Amino acid sequence: QVHLVESGGGVVQPGRSVRLSCAASGFTFSSYGMHWVRQAPGKGLEWVALISSDGRNQEYGDSVKGRFTISRDNSRNTLFLQLNSLRPEDTAVYYCAKVGLTGSYMFYFDYWGQGTLVTVSS
Amino acid sequence: DIVMTQSPDSLAVSLGERATINCKSSQSVLYSPNNKNYLAWYQQKPGQPPKLLIYWASTRESGVPDRFSGSGSGTDFTLTISSLQAEDVAVYLCHQYYSTPITFGQGTRLDFK
């Protein structure tokens, strides 16, 4: 059974950094592209970043480009998101999501984690 | 960027009645080489992550009740719940995975009438 478990969220001051992790199990992690998607309180979903199965390709949403970095460790079945220069508008639940097929990272998301809340506040 | 616009923003339907939610993309999400629409639908309940219902615009995810169906092609898509059940009260979102930035509709809140 597929499980995605995010961790690393909390209250962070503006301008500071935090690293989120997503521990994956129940599937061959190294075969699937992965994404981060966030949801501000009471708002809709915003795509944050993607990474290919081998980690060579990454893409980012405009609002986080240059500040956030997605990475993965296939030996540890773990996805990461480094969040730097945080702003109050980055406050959100951050979800990791697995794509539904191998061979590309541009697919629907068949599994999501429960999310981890990052609150950016002084 | 492909903008996804859902209608209506909210919808109230009686138990057992049909619910229809629309999603329009600002550009076609039909990929001609494989004739697939890169469009998915999700259900999200409070405090939970989204749950995949439909992908490739009309393929029902395993385990999803057959009262849920998706249709449409190109830029216009519809999610239909044929007979609303109590557990279907939720927010429904469309999602295009045709190109980056990946984008979602703003969501449609479905409630009982």
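Please treat every number below as a calculation from the coordinates, not as lab data. From a predicted model like this one, the values you see are computed outputs, not experimental measurements. No Cβ is skipped: glycine too gets one built from the backbone with ideal geometry, and neighbour counts run over all protein chains shown.
Residues that are of a type in the set (A, V, I, L, M) and within 12 Å of the chain's Cα centre (by Cα) within the stretch A:65-101 comprise A:ILE70, A:LEU79, A:LEU81, A:LEU83, A:ALA92, A:VAL93, A:ALA97, listed in sequence order.
Selection over the stretch B:46-68 of residues that are crowded, with 16+ Cβ neighbours inside 10 Å, touching a Leu at 6+ places or on another chain (Cβ under 9 Å) and of a type in the set (D, E, K, R) gives a count of 2.
Let's see how each residue does on (1) within 16 Å of A:PHE29 (Cα to Cα); (2) surrounded by 15 or more Cβ atoms within 10 Å (Cβ to Cβ); (3) out of contact with any helix residue (DSSP H, G or I) (no Cβ under 8 Å at 6 or more places or on another chain):
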residue: A:VAL48; (1), (2), (3): no, yes, yes
residue: A:ASP54; (1), (2), (3): yes, no, no
residue: A:GLY66; (1), (2), (3): no, no, yes
residue: A:ILE70; (1), (2), (3): yes, yes, yes
residue: A:ASN74; (1), (2), (3): yes, yes, no
residue: A:ARG87; (1), (2), (3): no, no, yes
residue: A:ALA92; (1), (2), (3): no, yes, yes
residue: A:LYS98; (1), (2), (3): yes, yes, yes
residue: A:SER104; (1), (2), (3): yes, no, yes
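Among the residues of the stretch B:23-45, those that are touching a residue at least 24 places away in the same chain (Cβ under 8 Å), surrounded by fewer than 21 Cβ atoms within 10 Å (Cβ to Cβ) and over 22 Å from B:GLU87 (Cβ atoms) comprise B:LYS24, B:SER26, B:GLN27, B:SER28, B:LEU30, B:TYR31. Among residues of the stretch B:87-98 that are away from chain A (no Cβ under 12 Å), those with a Cβ under 7 angstrom from a residue that is of a type in the set (Val, Ile, Thr) and part of a strand (DSSP E or B), sequence gap 6+ or separate chain, pair up as B:ASP88/B:ILE81.
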